[in-house]
Amino acid sequence: MTLEFKPNPENYGKHAYGLVWSGDFMPMVGDVVGTSNWGVATVKSYFTEDGFLGVELTPHDPPEWWVKQMQAGGFDTDTIHLFGIEIKKKG
């Protein structure tokens, strides 16, 4: 399912399709943001889980422990999924 999502800064917290955004700003695809544990990352797309809207990101320089853990499990290391509360504006 593909959602067409257009954030409205006046309505943070509740968005289209009843989804909840937990952050204090809404990044656009292609924006570079700071993250809680993975450093700087670029927004690739959005995802939904349990009624919440999140962002799919590509970390620029992920921590070594995480890369090793993901590779050991056979997972890719170019994507992380976070919610709004876990990201911040870069700069």
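Taking (1) acidic (Asp, Glu); (2) surrounded by 11 or more Cβ atoms within 10 Å (Cβ to Cβ); (3) modelled with pLDDT under 95 in turn, Glu4 satisfies each apart from (2).
For the residues Thr58, Thr77, Thr48, the requirement of being polar (S, T, N, Q) and modelled with pLDDT under 90 singles out Thr77. Selection of first residues in the stretch 37-56 that are on the phi > 0 side of the Ramachandran plot and crowded, with 16+ Cβ neighbours inside 10 Å and of second residues that are at pLDDT 95 or above and among the β-branched types (Val, Ile, Thr), restricted to Cβ pairs under 8 Å at least 6 apart or on distinct chains, gives an empty result. The criterion of at least 3 residues that are farther than 15 Å from Ser22 by Cα is met by the following strands (runs of 3 or more DSSP E) wholly inside the stretch 47-91: 52-59.
Pairs linking a residue in the stretch 71-84 that is in contact (Cβ under 8 Å) with a residue 60 or more places away in the chain to a residue that is assigned to a strand (DSSP E or B), with Cβ atoms under 7 Å and 6 or more positions apart or on different chains, are Phe83/Phe52; Phe83/Gly54. Counting just the residues of the stretch 51-71 that are among the charged types (D, E, K, R) and over 15 Å from the mean Cα position of the chain (by Cα), which one comes out farthest from Lys88 (Cα to Cα)? Across the stretch 51-71, the extreme among qualifying residues is Lys68.
The values are calculated or read from the model by the stated rules, or taken from the named source; none is laboratory data. All values reported here derive from a predicted model rather than from experimental measurement. Ideal geometry is used to build each Cβ from the backbone, glycine not excepted, and the neighbour counts take in all protein chains shown.
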